[in-house]
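In what follows, a single structure is set out as structure tokens and then discussed.
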Amino acid sequence: MSAVTPLVTAAFPGTRDQAAHARALVRKALHDARYHRVVEDAELLTSELFTNAVQHSRSRDFGTVTVMVQAGDLVRIEVVDDGSASSPKVMAPDAGSSGGRGLFLVQALSSRFGVRRDHVATAIWFELVP
């Protein structure tokens, strides 16, 4: 695995309007010129995962969503929610649906991604190569 350094971690209220703040956090953390090629994808994927966390986890019930940004030879972002009853799944997008594309986009745009679950939280991470 390539070397990464923690840049920033922040916890946000589990509400949809906080996705904009999570995107701003990512943009600010990746302000270095070497990340300019991936900052837009990083913001988009963070927003998708944040929105999924609010929609599908216990974070929406007055919980939190934590965003961690690491960078170095690659960019790694992790979104941690308060857990849910089911595991996140990549679904093929349905042209007639307004949702369901979050993990599909993460899979398509990132170089790697993964999910960690325990009885308390779900963490989804992705990596981008600058």
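Descriptive notes on the structure:
- Label corresponding to Rg/Rh (Cα atoms, Kirkwood Rh) when calculated from the structure given, among (1) 1.26; (2) 1.31; (3) 0.95: (3)
- Between 0 and 90°, nearest 10: helix 39-56 axis offset from the chain longest Cα axis: 20 degrees
- Contact order, relative form, for segment 4-128: 26 percent (alpha carbon pairs under 8 Å, 6 or more residues apart, mean separation divided by residue count).
- Peptides 66-78, 32-44 ranked from most to least packed, by the mean per-residue count of other Cβ atoms within 10 Å: 66-78, 32-44.
- Near-label residues of segment 105-121 by backbone N, under 20 Å of a point 7 Å along Cα→Cβ of residue 85: 117-121
- Here segment 2-40 is scanned for amide nitrogen atoms under 16 Å from the site 7 Å beyond the Cα of residue 73 along Cα-to-Cβ, giving 2-6.
- Note on the chain: GNM, Cα springs under 10 Å; of 80, 26, 90, the largest mean-square fluctuation is that of 90.
- Folded to 0 to 90 degrees: helix 19-29 orientation relative to the chain principal axis, Cα: 20 degrees
Every number in this text was worked out from the coordinates using simple rules, so none of it is lab data. Bear in mind the structure is a predicted one, so any value in this text is a computation, not a measurement. Every residue, glycine as well, gets a Cβ built from its backbone with ideal geometry; the counts of neighbours run over all protein chains shown.
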